[in-house]
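One structure coming up, written as structure tokens, with questions to follow.
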Amino acid sequence: MNFDKNTIWAIVLSFIVIVGAFFVNTMFIMPKQKAAMEARQLEQAKLEAEQKEKAQAANEQLSLSSENTDFVENENIELVSESDLTITTDKVKVVFSQKGGDIISYRLTDHFDKDTGLGVEMADNITASNRAFSIAFGDSYASALNETFNVKKEDDHTIGFYRTYDIKDSEGKSQKFMIGKRYSFKDGEYVFKYDITIKPLDSFTGLNINGSSYTIRTSPQVGPHYDPKNNRYDVRQYLSLSSGKRVQKNFSSKEYSKDYEWAGMGGKYFAILVKPASPVNMQPTVRCSVESSTNYQNSQVFLSRKPIENGYVTDEYYVYVGPRSENELIKYNSSDKNAWNLVNSRFNQALQTSGFFSIFETVLKWSLEMIYKLVHNWGVSIIILTVILKVILFPLNKKTAMGSLKMQELQPKMQAIQEKYKNNKQKLGEEMNKLYKQAGYNPTSGCLPMIAQMVILFAMYNVFNNYFEFRGASFIHGWIDDLSVGDSIWSWKTSIPLLSGFTHNNLRLLPFIYTASQLLNGKITQYGNPGAAGQSQASMKFMMYGMPLLFFFLFYNVPSGLLLYWTSSNIFQIGQQIIINRIMKAKRAELAEKQAPAKRR
């Protein structure tokens, strides 16, 4: 391969751009972002401190009572074994604590976490004061109940926790009530039913602390372990369905004030969604918190119930704890597809989509699934789908190439018209349109293939970056063992400055193949378009050599499923471009023969 001066300049400038971008980002952009984030955190901390003071004052109204009720068989609370506090179905294994009657472990037994060697833990970052599905009396800033509850295991899939409390009203009068928490599970389901009962005792007149009766919280965090520094393609998001519209926001300490049908949080591949049976009873304000007492940042959602008036109340919640997969989430739209007979829950709105391109994503997923049924390998399915898309787009690419050839053929006439009418823009436009019409050429026709490819690019990016079925799916054993993460041919544990931060201690082969295919594709495309010159040629070489080098750094750690698609697309594009180059070469020879007699005359 011969490198002329322009090519060398293109490569040099590419490295300057890359290094300059990293320098500007490190020295100027990141410090500003950090300062802004710290200011937001200070403001949030101040707000949370104020709210906690109110919550502490409210908690001082509460005191324990040992009075017996119909909910429990014995007056005295007895500690039970872990086996009595564990429920196992064919989907989950859940461990409870008598402290607050909360969940301390929630493993998905049919989804493997390679970091732990166990099922994915959906009750992650549990601490002594922050457990999953705790209850606090009052608003979302109140402390969770931490007393020991009575336990009643009704059957293998149902367990209840009960406790009596005293509360003082604004006049200092003592009121008693029973709170009950009941968890119900079913085989084949990622949804469990969570019932909260408030039973008045004696002169109970209602439960209203800081404008709410009680608040429930999701798990502090979900597995697998979330490390935003080493995996920027993972996410933590606040999810809700409000007025029939999906809400997806990157997780931060923030309050969202809008009525909702369900709300929760999601990672890249798993989600926790809480659906009240009676959303009208819920406060519209949902609080999200990243606050944690450990070094691991939380992603926790707090849902508050409106004040309870005098009377016996049982609130029902349906809680989805499982994969962020369309095949599972969509079941809760039809009563005959789920054991809870839920209808139109629209949990599938929790899926990550690119909005406008969601219809294309649906078609691509369906196509992938149909291919997978035949080949039983998701990597091979990606390659086959890439071939199909390239075949479909080939006529458009060919038309674009022929259009560029037609444009080169018209260049002399266009330049003559531009020179003749350079001072009359209206006449220039009319004559140019006349020339295009006579030649049968539409200058906008080249945009269609570009638009089509951009639509597919965006849709493919979202599908391959978030498609649940790629999680843990192997393409070639020992090289690409998981299409949802980067490939690896060698890894090391010793931290190497700069290099470890970029490579995550993994030597990957696919990014090198991708970059080589990009460079070769650009070179072959250039051979097919030798007419570009001057500044156009310099720009083309910058794109040809500079962009692949930039993409190498940007895409080194992308999920291998996504990079496999781009690499396959480049390779098949090379084959198509060779065919197009031959067609264009023959067409140029034909035009040269036609023009030769005219030149001799």
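The values are calculated or read from the model by the stated rules, or taken from the named source; none is laboratory data. What you see is a predicted model, and the numbers here were worked out from it, not measured in a lab. For neighbour counting, all protein chains shown are included, and Cβ atoms are generated from backbone atoms with ideal geometry for every residue, glycine included. With ligands, DNA and RNA removed, areas are computed over all heavy atoms of the protein, side chains included. Shrake-Rupley method; radii C 1.70, N 1.55, O 1.52, S 1.80 Å.
Checking L499 against (1) over 18 Å from R232 (Cα atoms); (2) more than 25 Å from the chain's Cα centre (by Cα); (3) of a type in the set (A, V, I, L, M), which single condition isn't satisfied?
Answer for L499: the failing condition is (1).
Can you tell me how many residues within the stretch 307-327 are of a type outside the set (S, T, N, Q), open to solvent by 50 Å² or more (accessible area, probe 1.4 Å) and within 30 Å of S203 (Cβ to Cβ)?
3
Tell me yes or no: at least one residue of the stretch 162-173 is over 20 Å from P276 (Cβ atoms), touching a strand residue (DSSP E or B) at 6+ places or on another chain (Cβ under 9 Å), open to solvent by 50 Å² or more (accessible area, probe 1.4 Å) and touching a residue at least 12 places away in the same chain (Cβ under 8 Å).
yes
Go through the stretch 241-358 and tell me which strands (runs of 3 or more DSSP E), entirely inside it, have 1 or more residues that are within 22 Å of K193 (Cα to Cα) and of a type in the set (A, V, I, L, M, F, W, C).
Fully inside the stretch 241-358 and qualifying: 262-267, 270-276, 282-289, 300-305, 313-323.
Are any residues in the stretch 328-356 under 21 Å from S278 (Cβ atoms) and open to solvent by less than 20 Å² (accessible area, probe 1.4 Å), and if so, which ones?
Y332, N338, L342, S345, F347, A350
Which fully enclosed strands (runs of 3 or more DSSP E) of the stretch 99-143 have 3 or more residues being farther than 24 Å from T285 by Cβ and out of contact with any helix residue (DSSP H, G or I) (no Cβ under 6 Å at 6 or more places or on another chain)?
In the stretch 99-143, the matching strands (runs of 3 or more DSSP E) lie at 102-113, 118-121.
OK, next. Across the stretch 437-472, what is the number of residues that are hydroxyl-bearing (S, T, Y) and modelled with pLDDT under 75?
Number of matching residues: 3.
Within the stretch 527-535, is there a residue that is at pLDDT 85 or above and more than 25 Å from N377 (Cβ to Cβ)?
no
Looking at (1) modelled with pLDDT of 95 or more; (2) in a loop (DSSP other than H, G, I, E, B); (3) in contact with a strand residue (DSSP E or B) (Cβ under 7 Å, 6 or more places away or on another chain); (4) among the charged types (D, E, K, R), which is the one condition that is false for D90?
(3)
Please go through the stretch 473-491 and pick out each residue that is touching a residue at least 24 places away in the same chain (Cβ under 8 Å) and either among the charged types (D, E, K, R) or closer than 18 Å to D113 by Cα (or both).
Selection gives A473, S474, I480, D482, L483, S484, V485, G486, D487.
Listed residues Y214, Y194, Y226, Y183; which is hydroxyl-bearing (S, T, Y) and open to solvent by 10 Å² or more (accessible area, probe 1.4 Å)?
Y226
May I pose another question? Kindly check whether there is at least one residue in the stretch 69-77 that is in contact with a strand residue (DSSP E or B) (Cβ under 9 Å, 6 or more places away or on another chain), within 30 Å of N210 (Cβ to Cβ), modelled with pLDDT under 95 and among the polar types (S, T, N, Q).
Checked against the condition, which is being in contact with a strand residue (DSSP E or B) (Cβ under 9 Å, 6 or more places away or on another chain), within 30 Å of N210 (Cβ to Cβ), modelled with pLDDT under 95 and among the polar types (S, T, N, Q), the stretch 69-77 yields at least one hit.
Does K399 count as open to solvent by 80 Å² or more (accessible area, probe 1.4 Å), on the phi < 0 side of the Ramachandran plot, in contact (Cβ under 8 Å) with a residue 40 or more places away in the chain and of a type in the set (D, E, K, R)?
Answer is yes for this residue.
Is it true that some residue in the stretch 287-306 is among the acidic types (D, E), at pLDDT below 95, surrounded by fewer than 16 Cβ atoms within 10 Å (Cβ to Cβ) and touching a Gly at 6+ places or on another chain (Cβ under 8 Å)?
Looking for residues that are among the acidic types (D, E), at pLDDT below 95, surrounded by fewer than 16 Cβ atoms within 10 Å (Cβ to Cβ) and touching a Gly at 6+ places or on another chain (Cβ under 8 Å), one finds none in the stretch 287-306, hence no.
Of all residues in the stretch 307-323, which are modelled with pLDDT of 95 or more and over 17 Å from I135 (Cα atoms)?
Y320, V321, G322, P323 - these are the residues of the stretch 307-323 that are modelled with pLDDT of 95 or more and over 17 Å from I135 (Cα atoms).
In the stretch 132-161, what count of residues is obtained for those that are under 19 Å from S83 (Cβ atoms) and either touching a Pro at 6+ places or on another chain (Cβ under 8 Å) or buried (at least 19 other Cβ atoms within 10 Å of the Cβ) (or both)?
Selection size over the stretch 132-161: 6.
A follow-up question, please. List the pairs whose first member sits in the stretch 195-214 and is among the hydroxyl-bearing types (S, T, Y), whose second member is surrounded by fewer than 18 Cβ atoms within 10 Å (Cβ to Cβ), and whose Cβ atoms are under 6 Å apart, counting only residues at least 6 apart or on separate chains?
Close Cβ pairs satisfying both conditions: T197/T314; T205/N310; S213/P307.
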